[in-house]
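Below is one structure, written out as structure tokens, with a few remarks after it.
Each value in this text was obtained by applying a stated rule to the coordinates, not by laboratory testing. This structure is a prediction, so every number in the text was calculated from the model and none was measured. Here Cβ is always computed from backbone atoms with ideal geometry, including for glycine, and neighbour counts include all displayed protein chains.
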Amino acid sequence: MEAFRPYTGIRVLDLTYNLGRYATRLFGDLGAEVVRVEPPEGLPDRRRAEQPGRNSPDYGFSFFNASKRSVVLDLAAAAGRETFATMARDAHIVFLERGAPLADEIAWVREQAPQAVVTIVSPYGLGGPWEGAAASDLVLQAAGGIAWMTGRDGEPPLRLPVDQSVMITSVYAAVATAMCLFDAETGGTGHVVDVSAQECIAHSLQNALQVWDLEQRVSHRAGEGTRDASEDIYACKDGKVFLASPPTLGISWKQLLAWMGETSHPSLEEFGKERWLDRRWRQTAEAKALFRPLFEAFIGQYTRDELLAEALKRKVVMAPVARITDVLGDRQLAYRKYFIQMDDPRFERPVQFPGAPYKMSEPVWATSPAPALGDRG
């Protein structure tokens, strides 16, 4: 079946360095002609990927630049600017990024492409005291608040892995740009979209903003903390599982005790006591400290798969904690065709990547690998 391509005929000029790379990839997957405008030496992510002596392939460059083309322009020279101006006349979208070419010349870009949506992504947006402040993925996650929300209560904040500031900023930028493109096509007037990575991250903090609005209370990592002794991650024979079985949650607690009884496990002696039915007591530090070693002594004799099978059979709310290798081999993701394989001449065998972050009635996939420098396809 031919792929559904809603942005066929749309031209996107991509001058981003980092925060906007995935946004333009999303448009490319949906049929847009995405042209990555690069200086003669190539953009930073290409130089990192292709530097001599790398011990391992840089799959990230291929992931972020699939479905794109490349053109080499020296935008510091008159000839390069003239060529860009010619390309911009037919462009529907121009993506810029702070620190990348033309980011300080938005007015000039708009003169060349008055019909286009010009989206500029930056760490903190245009204007304001932090407009020019330095920012890494770690800094942006901290400034946006997601690091504060990540980790365990009583321990330091954590950075989410794999440059999540890039992913979330690009997703927000793509959505905002798509909406403005619809308006530009119907109204005939272009737009400037100012996307702040910090604001995108702050807008994605679960319900933290609503908690402050409604209760004037700052949310904390681990949600509000593990409230019940029976709700946490515990070690088993070959990994970890998550359990959520307070007595107030259906039959899960009763079934868990029945399971211990069937196996004559000594932990049942403690968990069978009346105090474990007291919700307030189960939330105490004493209950939590007592629960963990007793429960882990019970599940330590089982593997994650064995625990999952028993939990499903007994209706105990428990599930394995996935590792990276588990995600790659997950049967549900395979059934949903979440991962795609793409041929890339840089590598000896096809590369497996996550697919699109949405599901449509028709198939959508990357149509071509990342381009070579100056490869118009």
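Observations on the model:
- Computed over neighbours whose Cβ is under 14 Å from that of G355, the net charge equals +1, Lys and Arg +1, Asp and Glu -1.
- Order of S368, S219 under a 10 Å beta carbon neighbour criterion, fewest first: S368, S219
- Net +/- balance of residues flanking G80 in space, Cβ distance below 14 Å, scoring K and R +1, D and E -1: -4
- Here each label is just a point 7 Å from Cα along the line to Cβ, and for T186 and W212 those points are 3.3 nm apart.
- Using bins of 20 Å that start at zero, the share of Cα-Cα pairs per bin across the chain amounts to 23, 45, 26, 6, 0, in whole %.
- The slack between D278 and A258, meaning 0.36 nm per residue of separation minus the straight C-alpha distance, is 5.3 nm.
- Inter-probe distance in nm under a simple model that places probes 7 Å from Cα toward Cβ, at E41 and S368: 2.7 nm
- Here the gap between Q301 and Q51, fully extended at 0.36 nm per residue and compared with their Cα-Cα distance, gives a gain of 85.2 nm.
- Label zone at Y59 (point 7 Å along Cα-to-Cβ), backbone N below 20 Å, region 307-345: 322-345
- Its DSSP H runs of at least 4 residues, each contributing -39,500 (n - 2.57), put the calculated 222 nm mean residue ellipticity of the chain at -10500 deg cm²/dmol, to the nearest 500.
- Fewest-first sequence of R48, R98, R69 by Cβ atoms within 10 Å of each Cβ: R48, R69, R98
- Scanning the chain for GluC sites (Glu not before Pro) that sit in a DSSP loop and have at most 13 other Cβ atoms within 10 Å, the longest stretch containing none of them is 225-347.
- Full extension of the chain segment joining D194 with Q341 gains 49.5 nm, where the gain is 0.36 nm per residue of separation less the Cα-Cα distance.
- Net charge contributed by nearby residues that have their C-beta within less than 12 Å of R98 (K/R +1, D/E -1): -4
- With a Förster radius of 51 Å applied to the beta-carbon distance between W108 and F242, the computed FRET efficiency rounds to 0.45.
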